[in-house]
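The values are calculated or read from the model by the stated rules, or taken from the named source; none is laboratory data. Only a predicted model underlies this, so the values are computations on that prediction, with no experimental measurement involved. So basically every Cβ, Gly included, is an ideal-geometry build from the backbone, and we count neighbours across all protein chains shown. Ligands, DNA and RNA are stripped out before the accessible areas are found, and what is left, the full protein with its side chains, is counted by its heavy atoms. Shrake-Rupley method; radii C 1.70, N 1.55, O 1.52, S 1.80 Å.
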Amino acid sequence: MQEEISNQITELQNTHQGLSNVTEKDDEIIVSGSLAFEASADGFETITSAFDIELIIPFDYPKSLPRAYETSGEIAREYEHVFDDKKLCLAVPIEERRIFQLVPTLLGFVNRLLVPYLYGYCYWREHKEHPFDESDHGPRGIVQYYREKLELDDDIAVLSVISFLYEHGYRGHHPCPCGSGAKVRNCHGNAFRDLYSLHTEGSLRNDFMDVLSTCLERLEQGEIQIPDPLFRQVRRILNSKK
């Protein structure tokens, strides 16, 4: 185990002593146990609870972030913010990275991402509504995130933006892919730079594929049309990134 990860696990356990089990398997480190917390949010009640948690730390952490699972079946099956493999959907991946970088440690990950998720679930379980702004789950949520973050008009604009970032990165002198007619530096420049700095090549690829799958699904349903130049760009990207 790398010394830095070991130190972060010790820091995590000093605060959350119930996370007492540490094992290594297949180049991953698994921290598990009971996560007890007391949390509140502005305008909402304080909640005290505990969940059995498994935190899987990948070998390339912090390039790849931990995956969190609730292991005792306390989270109801109808709660939509859980993936099919039972991984907890703490946030849209790029938002996870943004929040993590505020305090880039395992303790920061648990306190700023996992505990708010569990708080939100407890509130939902009691009131059948969410205490925070609610986003769609999965690929649809990723499209929604880019639309809101960049104030884009539609899903086609999101596909254009993510294709641009994946193919070119940040290029301030290029026409902005949002369709405004301005150059990137005079339009979405700062937002693009910030987003691109948060991404790894893998996370950017994943977002591109999720946005593309959402748009192709809507295309098949006759809800949108993808302009030919953008379709050609997507094909070029897919061919070049094989």
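What to note about this one:
- Residues (more than 16 Å from the chain's Cα centre (by Cα), closer than 14 Å to Val31 by Cα and of a type outside the set (Ser, Thr, Tyr)) located in segment 59-75: Phe59, Glu70
- Between Lys149, Lys128, the distinction of being of a type outside the set (Gly, Ala, Ser) and at positive phi belongs to Lys128 only.
- Residue count for segment 90-102, restricted to those that are without any contact (Cβ under 8 Å) to a residue 40 or more places away in the chain and open to solvent by 50 Å² or more (accessible area, probe 1.4 Å): 1.
- Counting only helices (runs of 4 or more DSSP H) that fall entirely inside segment 119-236 and contain at least 2 residues that are touching a His at 6+ places or on another chain (Cβ under 8 Å) and either polar (S, T, N, Q) or open to solvent by less than 50 Å² (accessible area, probe 1.4 Å) (or both), the qualifying elements are 155-168.
- Qualifying residue in segment 103-115 (condition: basic (Lys, Arg), under 22 Å from the mean Cα position of the chain (by Cα) and open to solvent by 50 Å² or more (accessible area, probe 1.4 Å)): yes
- Residue count, segment 1-27 (criterion: touching a residue at least 24 places away in the same chain (Cβ under 8 Å) and closer than 15 Å to Phe109 by Cβ): 8
- Scope segment 1-27; condition open to solvent by 90 Å² or more (accessible area, probe 1.4 Å) and more than 17 Å from Arg67 (Cα to Cα); matching residues: Met1, Gln2, Glu3, Glu4, Asn14, Gln17
- Any hit, segment 28-49, residues being in contact with a Phe, Trp or Tyr (Cβ under 7 Å, 6 or more places away or on another chain), open to solvent by 40 Å² or more (accessible area, probe 1.4 Å) and closer than 30 Å to Met209 by Cβ: yes
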